[in-house]
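Just below is one structure, and these are the notes that go with it.
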Ligand code: SF4
Ligand SMILES: [Zn+2]
């Protein structure tokens, strides 16, 4: 099999964590990042269970379009407001963060420092902050869009949701790993959590807030819950996005589990959707977003310094009513070939023209713009039949690829220390 190209980059040594030369290596169609450290020698880490999936969807399009992802920072600033939580999950990606609550003064300073529009409030559990409403109000006053990442327990109280809305909150990332009480107990170690979460979802829907469901995929635990999570997302007007996070070995992991990667998540979606959504759909749409971004960015949006399109995540817009992609993989594949050809010859204006014609012909202009710039204008809120299906691969300092991944801006703890991946 092998890789079509050689992909060299910089990553961190697995032992001393210093930035070192690295390259992608394929073995039995698994993809590894192999690093060479002067001090510690050669180390390598598994990056994907399906090497051709990552190459076709990400590494190769980036190479062809010539986009230098590593120069950009993420478009969202992540604020870990507190390390406290009212849950005690056996898998907690936030575990091990610096201790303490971030002060309001620090938040003000970070607001001043970063011109990003979106500030994601996480923890621990951010709703344990008594002053959360004030933080939201402050961010709104500064022209920022606060996004709340919560386990939803406190949102089971309708008055609490009303107060969040009154403070200016519009979008909630809601963690929900399953819809089975038994599995939920296994993951969180607590009883009756699910019931509260479902009440919270209803409250958010009643208050007309947009919901982004965030589900950790834990090998050997909740793979069979994917169908139920998809059903919940397509049947709720308020749910605009469904994110799957294959769980990796960072944070606290106190369960024996199989490591899952993006391609494994796609395979589960394939299976549980009776192949209405397929691996190729994800590959071609990711390629398309990179190509389209390459065409647009090199012309109009030179100053748009960052976007989720370039992060290590996969997006696929699907219609809720029949759970199928808004466009077939075959159609996207043909435009991808043309765009990559033009962009590799540096013909950006022609690429832009062809892209615009394609979008208008396919009546996809509105939908594509919505998936490109969804959170900028909250376009998707007005599009009830559309669901953005996403897969996000959580990066750790050990898997970080300096050239091909966005530099996420993450702050945690009392002193608002920057969490350094790069
Ligand atoms: S995963 Fe989230 S809800 Fe669970 S313990 Fe960690 S911060 Fe709390
Ligand atoms: Zn080393």
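No lab work stands behind these numbers, since they all come straight from the coordinates. This one's a predicted model, so the numbers in the text were calculated from it and none came from an experiment.
Brief remarks follow.
- Cα-only radius of gyration and Dmax that characterise region 81-272, units Å: 16.7, 48
- Compared with the direct C-alpha span, the chain from residue 84 to residue 158 gains 24.4 nm at full extension, assuming 0.36 nm per residue.
- Helix-only CD estimate at 222 nm, as mean residue ellipticity for the chain, using -39500 (n - 2.57) per DSSP H run (n ≥ 4): -10500 deg cm²/dmol
- When the P(r) is computed for region 1-118, the part past 21 Å accounts for 61% of the Cα-Cα pairs.
- Mean separation of Cα contacts under 8 Å, 6 or more apart, over the residue count of region 81-272: relative contact order %: 22 percent
- Only beta bridges with both residues in region 81-272 are counted; by DSSP, about 15 percent of them are antiparallel.
- Top of 118, 288, 358 by mean-square fluctuation, Gaussian network on the chain, Cα under 10 Å: 358
- Highest-MSF residue in the chain out of 166, 265, 329 [GNM, Cα springs under 10 Å]: 166
- Debye intensity ratio in log₁₀ form over the Cα atoms of region 38-102, taken at each q of 0.12, 0.15, 0.27, 0.28 Å⁻¹: -0.69, -0.94, -1.11, -1.15
- Region 333-353 and region 54-72 have Cα centres separated by 14 Å.
- Gyration tensor verdict on the chain (Cα atoms; rounded if a/c is under 1.5, prolate if a/b is larger than b/c, oblate otherwise): rounded
- Among 294, 70, 337, the residue with the largest mean-square fluctuation in a Gaussian network model of the chain, with springs joining Cα atoms closer than 10 Å, is 337.
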